[in-house]
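Please read the structure below before turning to the comments.
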Amino acid sequence: MSSIGKKGQITLPLSSSLEPWLRGAPTSAAQQAVLAMLARAVEPLCRTHRLPAYELCAGTRLKRLWGQCRHFRDGRPPLVLVRCTGQGEPACWRRAGAIVATLLHELAHLRDRHHGPRFWALYRCLLDEAAAAGVYDPGQDDPEEHSCGDEKLAGSAADALAQAARSRRRERAEANRQAARQWTVGMEGRVALEGGPLARARVRVVAVARGWLTVERPDGAVYRVAGTVLRPL
């Protein structure tokens with residue numbers, strides 16, 4: 001893999017440039033240094049696709065998201081945030097390929113803010129071109145990370161992520177079917193969710209279908225939930 005210097009010339013392998021940082025602690029300064037190197041490496045891709053200028057910062061405050069692209073109405077350039085540490089592991093780096101993939105995902109949002117067909121087409125293109133340039137290494141990505149829409153990366157440089165996402169979807173669907181079979185109409189249970197309108201709510205099952213349960217709260221509100229989120233009283 002190669003890194004691209006300030007004038008666009010090929011310099012040290014990108015993995016060699018990142019390795020000293022990824023062996024150390026993911027301090028705020030270290031995360032920002034890693035992202036600065038990656039920003040230089042993907043700069044030719046941004047020029048090729050005429051992506052607008054942006055600011056890049058470490059997403060140290062992101063909790064559930066791997067990255068975020070914030071657009072402003074006051075003329076400021078978009079702010080791209082990329083989380084460099086693991087889920088619930090602020091002292092551990094994510095894998096290098098996962099950080100690059102997140103950065104490319106957010107760069108695609110510079111043009112398309114939503115996850116529509118044009119977004120996925122651009123993201124796949126960025127992944128393929130980054131892999132060809134030696135900036136993105138699928139072998140250093142992390143299929144265990146759950147990202148929105150990974151299945152739509154099938155056929156791209158991130159095909160392994162797409163296949164892993166498909167496998168997880170099949171496993172979730174089967175787990176939901178197995179769990180839903182344990183319930184019949186009229187049974188009561190408690191929802192094993194910590195947030196939202198059904199957080200730890202006591203509910204009654206009013207319908208069962210294909211791994212999904214239709215449940216009713218005591219106030220009469222009706223919701224559809226996956227079979228795996230309902231627990232016996």
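The values are calculated or read from the model by the stated rules, or taken from the named source; none is laboratory data. The shown structure was predicted, so the numbers you read here are calculated from the model rather than taken from an experiment. All Cβ positions, glycine included, derive from the backbone under ideal geometry; neighbour counts span all protein chains shown.
Quick notes
- The C-beta contact set for segment 138-156 (first residue assigned by TED's automatic domain parsing to the domain that holds residue 127, second residue modelled with pLDDT under 90 and assigned to a loop (DSSP other than H, G, I, E, B), distance under 8 angstrom, 6+ apart or interchain) comprises 145/87.
- Sole residue being on the phi < 0 side of the Ramachandran plot, modelled with pLDDT of 95 or more and assigned to a helix (DSSP H, G or I), chosen from 106, 151: 106
- Any hit, segment 182-192, residues being crowded, with 17+ Cβ neighbours inside 10 Å and out of contact with any strand residue (DSSP E or B) (no Cβ under 9 Å at 6 or more places or on another chain): no
- The sole residue among 208, 185, 135 that is assigned to a strand (DSSP E or B) and either outside the structural domain of residue 106 (by TED's automatic domain parsing) or within 25 Å of the chain's Cα centre (by Cα) (or both) is 208.
- Residue selected from segment 40-62 under the condition part of a helix (DSSP H, G or I) and touching a helix residue (DSSP H, G or I) at 6+ places or on another chain (Cβ under 8 Å), by the criterion surrounded by the most Cβ atoms within 10 Å (Cβ to Cβ): 41
- When residues in segment 109-132 are screened for being of a type in the set (Lys, Arg) and outside any helix (DSSP H, G or I), 2 of them pass.
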